[in-house]
Amino acid sequence: MLQVYEIFKSIQGESTYAGLPCIIIRLAGCPLRCAWCDTEYAFSGGKGMTIEDIVTQLKTMSADLVEITGGEPLAQRKCPQLAKVLLEAGYKVLVETSGALPIHTLHPQVTRIMDLKCPGSGEMARNDLSNLKYLQRHDEIKFVILDRRDYEWAREMVVKHELDRHFAAVHFSPVYDKMQPQELCEWLLADGLPVRMHLQMHKYIWSPDTRQV
Ligand code: SF4
């Protein structure tokens with residue numbers, strides 16, 4: 001069984017797939033506590049579902065793209081098996097993860113969108129940098145930037161690990177409502193960093209009351 005907080009159809013919001021219709025499977029629970037977390041509501045609750053239950057529900061929703069997110073989806077032991085079954089059912093599968101838990105358990109055809117937690121998250125010490133060696137060319141990395149200190153840390157990580165050369169995309173995303181996108185954009189342009197400025201598109205479309213994130 002997996003503890004599922006919600007399953008819904010929306011647009012993908014946080015990767016090179018942003019804007020595409022996507023079924024979001026949000027698993028409940030997360031062992032981290034990022035200062036700016038926007039999914040605290042999913043730390044608990046949800047309902048127990050088998051992988052078969054989940055696939056049955058997905059068949060009623062027309063989309064080829066599925067994202068497994070959380071919370072931290074990899075905190076649930078069955079998450080890799082769910083991803084594998086969805087691949088075998090013909091879906092394109094994305095998994096969004098904090099980067100704090102081992103990612104090598106995921107099938108190689110899964111696209112991982114892995115965070116590297118910046119200092120402002122308060123969870124930088126949880127980054128498992130050994131995960132970098134398990135990422136593949138088609139995977140993506142995301143930094144959520146709160147302030148200049150976060151930006152400089154992220155910039156150093158990109159340069160030191162040549163992240164742009166090894167992976168499909170590196171995203172710099174300002175913390176919604178706390179970091180001005182324009183300021184982050186100006187820093188990126190000034191430094192000529194080979195990364196993507198990224199906004200959480202769904203946040204600009206839906207209010208928290210009509211959540212589709
Ligand atoms: S890893 Fe994600 S879900 Fe967990 S606390 Fe951080 S932002 Fe929230």
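Read-outs throughout are calculated quantities, based only on the coordinates presented, and are distinct from any laboratory measurement. These numbers come from a predicted model, not from an experiment. Ideal geometry is used to build each Cβ from the backbone, glycine not excepted, and the neighbour counts take in all protein chains shown.
Exposure proxy shown here: for R126, R77, R112, the number of other Cβ atoms within 10 Å sets the order, fewest to most, as R77, R126, R112. Of the residues I23, C34, L82, the one whose Cα sits farthest towards the positive end of the charge dipole of the stretch 19-95 is L82 (charges of +1 on Lys and Arg Cβ, -1 on Asp and Glu Cβ, taken about the Cα centre). The convex hull defined by the C-alpha atoms of the stretch 51-123 has an orientation-averaged projected area of 5.1 nm². Under 1.5 on a/c is rounded, so check that first for the stretch 127-213, then, if it is not, pick prolate when a/b is larger than b/c and oblate when it is not; a ≥ b ≥ c are the square roots of the alpha carbon gyration tensor eigenvalues. Oblate shape, in that a/c is at least 1.5 and b/c is the bigger or equal ratio. Shape class for the stretch 1-95, computed from the alpha carbon gyration tensor (a ≥ b ≥ c): oblate, with a/c not under 1.5 and a/b at or below b/c. Full extension of the segment from Q81 to H107, taken as 0.36 nm per residue of separation minus the current Cα-Cα distance, would add 8.5 nm. Between I145 and S173, V175, the built amide H atoms are under 5 Å apart, and every one of these is 5 or more places off in sequence or on another chain.
Extents of the chain, taken as max minus min of Cα coordinates on every principal axis and listed largest first, are 49, 38, 29 Å. Between the stretch 151-213 and the stretch 12-44, the C-alpha centres lie 16 angstrom from each other.
A simple packing score, the average count of other Cβ atoms within 10 Å per residue, orders the peptides 3-9, 24-30 as 24-30, 3-9, with the highest score first.
No disulfide-compatible partner, judged by a Cβ distance under 4.7 Å, exists for the following cysteines of the chain: C22, C30, C79, C118, C185.
Share of Cα-Cα pairs in the stretch 63-105 beyond 11 Å, in percent? It works out to 64 percent of all Cα pairs. Listed by chain and number, the lysines whose C-alpha is less than 28 Å from the C-alpha of K142, apart from same-chain residues fewer than 8 away, are K9, K78, K84, K92, K117, K133, K160, K178, K203. Computed over neighbours whose Cβ is under 12 Å from that of K117, the net charge equals -2, Lys and Arg +1, Asp and Glu -1. Summing charges over neighbours of Q81, with a neighbour being any other residue whose Cβ is under 15 Å away from its Cβ, gives 0 when K and R count +1 and D and E count -1.
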